[in-house]
Every structure is written in C-alpha cells, then in structure tokens.
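The structure under discussion appears below in the form of structure tokens.
The values are calculated or read from the model by the stated rules, or taken from the named source; none is laboratory data. Here the structure is a predicted model, which is why all the values come from computation and not from measurement. Cβ: placed from backbone, ideal geometry, glycine included. Neighbour counts: every protein chain shown. The accessibility values were calculated without ligands, DNA or RNA, using every heavy atom of the protein model including side chains. Shrake-Rupley method; radii C 1.70, N 1.55, O 1.52, S 1.80 Å.
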Amino acid sequence: DEPLALFYRGDVVRFQEAAPGRLREHYQLGAELLGLPAAPGAGGGQEERRERADEQMLRLFLEILDRAAGRRRSQGRSHVIGGCAGALDELLAEPPDGLTSQELGTAVANRDRAVVRRASDVAGHSTLFEVVEKGVPEDLRWLGSSAEARVGRLMALVETLDHELGEASAIDIRVDLAEYATNVLDPDLALRESRWAYYDGVVFRAYPDGSA
C-alpha cells in the first residue's frame, strides 16, 4: 500500500575508467519514497508532494548523520550543504561576452571571484558574486520567480531543521547555491563534466568532521 518507503545498500561497481584517486567500487545507500499522498488541506499538486518528499529525505539523512556524528563529537562538526538544482539557470543563461554559460557555471562552482565579479558587473547586479561569497543572494528575486520560490522554501526548511538540531548538535546545515551551480535543469546549460546534473530537486551533501 502507498506510500511506499524503501531503502537499499550495497556495493556499486562502475565499469569505466576511474579517475586518479577514485575507486571503481564503492558502498552506496539509497532511499525511495513512492506514492506520497497530498497533505490535508493542500492543493495536492506534484510540486507540493515533491517538497514534502524532499523534506522527509533530508530529515532522514540528518538523523543518520547525527547518530554517526554523536559518536565522535570531539572530532569537529559535520557540514551539510543544501541547494536546489537549476537555481542559477536564469543567471547562467546570459554570460558576458567571451564566456559560455558552461564556463560561467564552472566559475561559480569553483568560486572564481575574478570571473564572477566581471559577469556581475556586466549584468548590472551582484547576484552571482553574492552567491559565491555568501552562498545565497540578498535578493532572491534575481534568481527568477520559480527559483526564488524553491530556494526560499529550502532556506525556511533549513532554518527549521537547524533550530531542531540545536546548538549542541555536531551538524551545521546551510544553503549554498554556488556548491551546485553545475546542477542545472535547462538542457542547454548542461555541463558534460558534471556528475550530478541529473538531479532535479533539492540536493545536498555532507562534509564530515569539519572538512568543508
């Protein structure tokens, strides 16, 4: 019966040339949430269900990480960095002369301040540079209406989760759009070198023991 929640774990082997320092075989955990019903009183649309599923997955991830971190709190805090796929698509679609959208996205992800400052100067606003410096811009409206709404909801969720974790937690959670600049939704902006470009919702990753 739906909703159906399941998980899997095991070894993953990729039959492809491995980059230096990258293993062909690694251990992987995954979870799925299928057939989530509409919340009482909600519109029941696909976007609402997606948001609720994203929240449950993020909560599950934090619970697992918190249990692991609790056994080694003396080793430092773990950092969870969240973002939204496609959040910067509208800004990347109009790069300055001499740069492609892909090159601009890579510059944001690599926090190349010189390149991003030039792009911001040409655009006439500092949104991308603020993303590189602070993770999110001061005015979300520059992201476009769709991305503004999604990022705003994520920031509200992260604030709630951070409050629930409390000051004693060994986990620090925040939103950083630069971290996921290459996670695009517009196929014209897709970066061939991106390993995560196929994710289309909330994305997050953890850096354990203060390694971020």
* To do: Give, as residue ranges, the strands (runs of 3 or more DSSP E) completely inside region 1-85 that count at least 3 residues that are closer than 21 Å to N183 by Cβ and modelled with pLDDT of 80 or more.
  => 25-34, 78-84
* To do: Would you check which residues across region 160-174 are hydroxyl-bearing (S, T, Y), over 16 Å from D54 (Cβ atoms) and open to solvent by 30 Å² or more (accessible area, probe 1.4 Å) and list them?
  => none
* Please work out which one of (1) charged (D, E, K, R); (2) modelled with pLDDT of 95 or more; (3) in contact with a His (Cβ under 6 Å, 6 or more places away or on another chain) is the condition D172 fails and give its number. => (2)
* To do: From G135, G201, grab the single residue that is within 21 Å of G105 (Cα to Cα) and at pLDDT 95 or above.
  => G135
* Which one of the conditions (1) touching a residue at least 12 places away in the same chain (Cβ under 8 Å); (2) under 19 Å from the mean Cα position of the chain (by Cα) does V115 fail to meet, given that it meets all the rest? -> (2)
* To do: Could you check, for region 143-159, whether at least one of its residues is buried (at least 16 other Cβ atoms within 10 Å of the Cβ) and assigned to a loop (DSSP other than H, G, I, E, B)?
  => yes
